[in-house]
Amino acid sequence: MAKSTASAAYLLASMFLGLLCVAPAWADTAIKWHPGVYIWPGNQACDGTARADDFATIDQIAHVPQIRGVYINWQWSCFEGDTAGDYSAGFARIDAYLAKLHGTGLHLMIGFWPMNWGACTSSNSVNGRPKSIPLPAYIINSPGFVDYCTAQSRLYTIAFWNPAAVDRIIALSAAYAARYDSNPKVEMWQPHEETAGLVGDASAGFSWAAALAQWRRLYAALATQWTHTLIREGVNFMDSPGSLRYDMDHLHRPGLIFGGADSMPETVRTIDANYAFRGLDVGTTSSPAGRPHTGWTDLRGIYPWLAFINAGEIYGTATPQQEQTYAHDTMHDSYLVWMRESWDGVPARYWPNVLPYIASGSTPVYTTACPTGWTCNTN
């Protein structure tokens, strides 16, 4: 009886929050389009102090007109329980964020993160596995689904080359799309990032070709699930130069947006995807990075670009102004995500200094126009 009462209460709460999820009046092909500045509070956990911190950030930015929304990037266990297909807690979390955003005018970007950076050491791992693995238990217990302590400095990463593992990401995405694709506040779905996902150890079955095939299969599925919501293909280093550039040329569909993790001037560090998006060589023995690449066109103005400013905190050599200028003048961004971080200890990049910089209007995106060939909903 108690369980039935709890289920009924959850159903009533979901119905109430569903008022925020009423299908809007737009064309069947319209993509939600609210370009501008978004803020990632920097948490990858989803409950407790992390949620309180996120909500405090929302309160802080809610009335800053230059900010259009919030980006969250959560570990897999935030979206799905230990039993396959148990998304109830994940739905409740997203609903709580949508309720928090209600009335603010802010939109929500959702990122899914099934890996973690870092090298395994005697203090953080046991018998070749990290001590903390925020993945659903059924994923951890499925043979061949996870690669641990990889040579590429990942504590763990989902085995993206394993079709059965990718099937679980596709199923999860389908469930969330069914619930949130028509929600006018949910702006973007990000299923992974290639820098983190398309890596692994050959001894665990990894190959670039196998992983890339599953990556493309995933995006083909997403196109049928999220028909009104931006889908971000998070490209960065493009481990096999040119392979993901093929995606840029051949996977064109309304709603697909490209953009990796680093908006960083080339004078600081070169990012392959930033070159490739502009039709420039990513760097080979026969052609240095930055030269026009035969057969590649400049995709600025064809696809929208999402720039992500966190590189200054990582490398400590670019100012916020330099990073924003690069995103605007060089990458021609439509969306600009600022990470609220200060881990390098440089006061100029502390949030109390960055927020006034954003609020001053010094951080515009390059274009807010609906991409050519799209039908956009800007309500």
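Read-outs throughout are calculated quantities, based only on the coordinates presented, and are distinct from any laboratory measurement. All figures in this text were calculated on a predicted structure; none of them were measured in a lab. Counting neighbours? That spans all protein chains shown, and the Cβs are built from the backbone with ideal geometry, glycine included.
Laid out as a table, the results:
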{"quantity": "Dipole magnitude of the chain about its Cα centre (Cβ charges: Lys, Arg +1; Asp, Glu -1), debye to nearest 20", "calculated": "440 debye"}
{"quantity": "Candidates THR294, THR29, THR104, ranked by Gaussian network fluctuation over the chain, Cα under 10 Å, top entry", "calculated": "THR294"}
{"quantity": "Calculated [θ] (222 nm, deg cm²/dmol) that DSSP helices of n ≥ 4 give over the chain, each run adding -39,500 (n - 2.57)", "calculated": "-9500 deg cm²/dmol"}
{"quantity": "Highest-MSF residue in the chain out of SER132, SER182, SER153 [GNM, Cα springs under 10 Å]", "calculated": "SER132"}
{"quantity": "Candidates ILE302, ILE358, ILE169: whichever shows maximal mean-square fluctuation once the chain is modelled as a Gaussian network with Cα springs under 10 Å", "calculated": "ILE302"}
{"quantity": "Antiparallel %, DSSP beta bridges [both residues in the chain], to 5", "calculated": "20 percent"}
{"quantity": "Overall form of region 74-120 per C-alpha gyration tensor (a/c, 1.5; a/b vs b/c)", "calculated": "oblate"}
